[in-house]
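The values are calculated or read from the model by the stated rules, or taken from the named source; none is laboratory data. No experiment lies behind these values; they were computed from the predicted model shown. Cβ sites come from the backbone with ideal geometry, for glycine too, and all protein chains shown count toward neighbours.
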Amino acid sequence: MTLDALIDSLPPFAKDLKLNYSSLVRNNTELTAQQLWGTVVATSIATRSASLTGPALAAASAQLSPQAYEAAQTVAAIMGMNNIFYRFHHLSSNPKYATMPARLRMNGLRGHGVEDVDFELWALAVSAINGCGKCVDAHEKVVREKGATEELVAAVVRVAAVVHAIGAVLDQVLSQVQAQVQAQAEAQPAPAETAV
């Protein structure tokens, strides 16, 4: 199923998500194509929704250069790790953890081959989904230092919010379908045993 068909198939209770997807992705005017589709790639992976990720990656691969497509996936992978590590720093009351080296390989943060501001915007979007305040602050500061406006940052985070919500709805719908299939299977009478 294509991404557009998947979005169009969202249930009526997710009408606002359809409308927001239409205005923020289909009819986007705030972001470059690379910023937009890199955000879709990185955030769809961050949702952990298999129903969304496959179609989103397929749609984005037609919109991004191979280098940008890989860089957006790299952002999702690295931030998936970093957001946990640095969120722990933020949540722990022990200040010693913040003084300890991360000892995590993060080579993908350099040499990714795309504009730094785009890469950082994607990292910011994934960090927002993963709820890492320390990473949100760090990446927002970097993109602002690189000349991004608050409006650009807000546009990327809006896309992230909609993508995340769509992933949650798709997972809910899938769970409901699976529960219905399970209930139907359990309601079927057992096959009659034949006498020998």
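If I go through segment 78-98 residue by residue, how many of them are small (Gly, Ala, Ser) and surrounded by 15 or more Cβ atoms within 10 Å (Cβ to Cβ)?
Pass one, segment 78-98, residues small (Gly, Ala, Ser): 80, 92-93, 98.
When the remaining residues are screened for being surrounded by 15 or more Cβ atoms within 10 Å (Cβ to Cβ), the result is 80.
Qualifying residue count for the region: 1.
What's the total number of residues in segment 58-73 that are crowded, with 20+ Cβ neighbours inside 10 Å and more than 25 Å from Met1 (Cβ to Cβ)?
The number of residues fulfilling the criteria is 1.
Within segment 135-147, is there a residue that is in a helix (DSSP H, G or I), free of Cβ contacts under 8 Å to residues at least 60 places away in the same chain and either aromatic (Phe, Trp, Tyr) or in contact with a Cys (Cβ under 6 Å, 6 or more places away or on another chain) (or both)?
Residues of segment 135-147 in a helix (DSSP H, G or I): 135-145.
Still in the running and free of Cβ contacts under 8 Å to residues at least 60 places away in the same chain: 135-145.
Filter again for either aromatic (Phe, Trp, Tyr) or in contact with a Cys (Cβ under 6 Å, 6 or more places away or on another chain) (or both), leaving none.
The answer is no, given that none of the residues of segment 135-147 is in a helix (DSSP H, G or I), free of Cβ contacts under 8 Å to residues at least 60 places away in the same chain and either aromatic (Phe, Trp, Tyr) or in contact with a Cys (Cβ under 6 Å, 6 or more places away or on another chain) (or both).
Quick check: anything in segment 104-120 surrounded by 16 or more Cβ atoms within 10 Å (Cβ to Cβ), at pLDDT below 90 and in a loop (DSSP other than H, G, I, E, B)?
Yes; the residues of segment 104-120 include at least one that is surrounded by 16 or more Cβ atoms within 10 Å (Cβ to Cβ), at pLDDT below 90 and in a loop (DSSP other than H, G, I, E, B).
Report every pair of residues separated by at least 6 positions or lying on different chains whose Cβ atoms are under 6 Å apart, first residue within segment 3-19 and part of a helix (DSSP H, G or I) and surrounded by 14 or more Cβ atoms within 10 Å (Cβ to Cβ), second small (Gly, Ala, Ser) and modelled with pLDDT of 95 or more.
Leu3/Ala56; Leu3/Ala59; Leu17/Ala165
Got a sec? Which of Ala62, Ala46 is at pLDDT 95 or above and under 12 Å from the mean Cα position of the chain (by Cα)?
From the options Ala62, Ala46, the qualifying one is Ala46.
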